[in-house]
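Structure first, then comments.
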Amino acid sequence: MKIAVFGTGYVGLVTAVGLAEFGHQVLGADKDGDKIRMIASGKVPIYEPGLEELLVKNLKSGRLEFSADLGRVARESDVIFVCVGTPPHDDGSADMSQIEEVSRLIAANLNGYKVVVEKSTVPVRTSSWIKRTIALYKKTDLTCDVASNPEFLREGSAVSDFLHPDRIIIGVESERARDMLVGIYRRHEDRILITNIDTAELIKHASNSFLALKISYINMIADLCEKTEADVELVARGMGLDPRIGGLFLKAGLGYGGSCFPKDVKALTKIGEDLGVSMGLLREGERINAERVRLFIHKVKQALWILKDKNIGILGLSFKPETDDIREAPSLKVIRHLLAEGARLRLYDPQAMTPMKQVYPEDGERIVYCDSALEAARGVNALLLVTEWEEFKRLDLEKVKEVMANPILIDGRNVFDPAAVRAMGFEYSSIGRK
Ligand code: UDX
């Protein structure tokens, strides 16, 4: 059985490499020829721990190939994983034009039975559109099946999430498609849940929105903690001890960002409202998330009063640690607010400075990129921690304090122990803790 993976973004590239690692023959495809050449030469265009090594290993084994000839890839494969982008429109709904384009291409190249698998996150009922599109544009009376197999990988741990999944959701409507997909994931057979296609599509949106709500919930509790003597870290620990709640995704801070949660919450809200379902719960979760940066900036102002011409260091630009991705990163809004108030910024991130320079270029005056966390702290009136990279947790804070103009530390991710940093002489504030 030959597997095609259409799209070589985060999900597509990890899927192609991961399926090859499972021992399958995989053809990765993308219409971006430059990107395909880069990947085929063993280079990964994103920072994702472990991915490049696995790519090189599987290219060498001959199980993995890449091509920009989409028609050929469609013709040569039995199962096609569709991993192209579904970016948001202004109203929150997903732009499905790339999925439509791939469906038409598959229709035009249908030369035998195939299973077309939705892997990108798509609105519930997308499969019926794919089926209809293929039926409209195919030139033969050959048939194919559509299936849904949503991907749950997280950036920063994508390779291990793919190779060791908690669950594999397979939405199908024929035994033939089911058998082929179960065969692909045979090594994780005990983790497979078979559903109909609408259910599989909805599981993905419902999971991401639930996790986003969990984060907004603990952030709401953090705001409450700040008005009392309670400590949100301990509240979260205490809640998490109940196995019905669980301790994960209860970290208060600057809120969720990235390419999935913000987009998926908006998309599910729109899907529900279009179908006449009240989605106020998700709307409120989104509102709480949008407030996080404003509350953080308020803390900065409480420490510095006037921001104009103040020097401020920022540690962490990516939307979460272990990635260079800045899509919907809280740092973008933090920087925008601080610049609007006339602050001068010293920025540092272990991986995400290159993409951030595209958005906020270095000007040597208001925006300076630094080679280390210590350099970002040099001469600043306050240091803000925005993303919780491991190296920040191990910072020599004595040295940091020495190079700062004022020892003010504002921790947006509750990385430091308040008593310890205050004992070192820092004026310290964090989220949901006195
Ligand atoms: C998420 C889902 O976890 C994954 O299953 C899906 O396939 C894609 O979307 P990802 O966006 O890579 O993955 O990162 P994740 O680790 O889930 O974090 C998302 C955001 O939530 C980050 O901005 C993170 O900082 C924030 N977060 C996470 C919190 O603020 N608090 C938490 O407790 C957990």
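The values are calculated or read from the model by the stated rules, or taken from the named source; none is laboratory data. Computed from a predicted structure; not experimentally measured. Virtual Cβ from ideal backbone geometry, glycine too; neighbours counted across all protein chains shown.
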Determine, yes or no, whether Gly23 is surrounded by fewer than 19 Cβ atoms within 10 Å (Cβ to Cβ), among the small types (Gly, Ala, Ser) and within 18 Å of the chain's Cα centre (by Cα). no
Within the stretch 230-242, can one find any residue that is within 14 Å of the ligand (Cβ to nearest atom) and assigned to a loop (DSSP other than H, G, I, E, B)? no
Any hit, the stretch 339-358, residues being within 16 Å of the ligand (Cβ to nearest atom), touching a residue at least 12 places away in the same chain (Cβ under 8 Å) and acidic (Asp, Glu): yes
Out of all the residues in the stretch 263-281, is one or more within 14 Å of the ligand (Cβ to nearest atom), among the hydroxyl-bearing types (Ser, Thr, Tyr) and crowded, with 19+ Cβ neighbours inside 10 Å? no
Within the stretch 365-382, take every residue that is of a type outside the set (A, V, I, L, M, F, W, C) and over 17 Å from Asp411 (Cβ atoms) and give me the one that is surrounded by the fewest Cβ atoms within 10 Å (Cβ to Cβ). Glu365
Considering residues of the stretch 86-112 that are at pLDDT 95 or above and within 18 Å of Ser148 (Cβ to Cβ) only, the residue farthest from the chain's Cα centre (by Cα): Ile106
Filter result (among the basic types (Lys, Arg) and either over 23 Å from Glu402 (Cα atoms) or not in a loop (DSSP other than H, G, I, E, B) (or both)) within the stretch 349-366: Lys357
Of all residues in the stretch 243-261, count the ones that are more than 9 Å from the ligand (Cβ to nearest atom) and under 28 Å from Val124 (Cβ atoms). 3
If Leu153 satisfies all but one of (1) within 14 Å of the ligand (Cβ to nearest atom); (2) in a loop (DSSP other than H, G, I, E, B); (3) surrounded by fewer than 19 Cβ atoms within 10 Å (Cβ to Cβ), what's the number of the condition it fails? (3)
Counting only residues that are within 15 Å of the ligand (Cβ to nearest atom) and charged (D, E, K, R), which one in the stretch 282-306 is surrounded by the most Cβ atoms within 10 Å (Cβ to Cβ)? Arg292
Which residues, counting only those in the stretch 10-30, are modelled with pLDDT of 95 or more and either assigned to a loop (DSSP other than H, G, I, E, B) or not hydrophobic (A, V, I, L, M, F, W, C) (or both)? Gly12, Thr15, Gly18, Glu21, Phe22, Gly23, His24, Gln25, Gly28, Asp30
Taking the stated definitions as given, is Arg327 part of a helix (DSSP H, G or I), modelled with pLDDT of 95 or more and of a type outside the set (A, V, I, L, M, F, W, C)? no
Restricting the stretch 139-150 to residues that are part of a loop (DSSP other than H, G, I, E, B) and within 17 Å of Arg191 (Cα to Cα), the one nearest to the chain's Cα centre (by Cα) turns out to be Pro150
Please find, within the stretch 266-281, the residue that is farthest from Ser93 (Cα to Cα) out of those that are among the aliphatic types (A, V, I, L, M) and out of contact with any Lys or Arg (no Cβ under 9 Å at 6 or more places or on another chain). Leu281
Considering only residues of the stretch 383-416 that are within 25 Å of Leu295 (Cα to Cα) and among the charged types (D, E, K, R), which is surrounded by the fewest Cβ atoms within 10 Å (Cβ to Cβ)? Glu390
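So that you can scan it fast, the table gives a plain yes or no per residue for (1) under 20 Å from Pro123 (Cβ atoms); (2) touching a strand residue (DSSP E or B) at 6+ places or on another chain (Cβ under 8 Å):
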site: Glu233; (1), (2): no, no
site: Val265; (1), (2): yes, no
site: Ser278; (1), (2): yes, no
site: Phe296; (1), (2): no, yes
site: Ala303; (1), (2): no, yes
site: Leu315; (1), (2): no, yes
Give, as residue ranges, the helices (runs of 4 or more DSSP H) completely inside the stretch 367-434 that count at least 3 residues that are within 16 Å of the ligand (Cβ to nearest atom). 390-393
For the stretch 381-434, which residues satisfy the criterion of being among the small types (Gly, Ala, Ser) and out of contact with any strand residue (DSSP E or B) (no Cβ under 9 Å at 6 or more places or on another chain)? Ala419, Ala420, Ala423, Gly425, Gly432
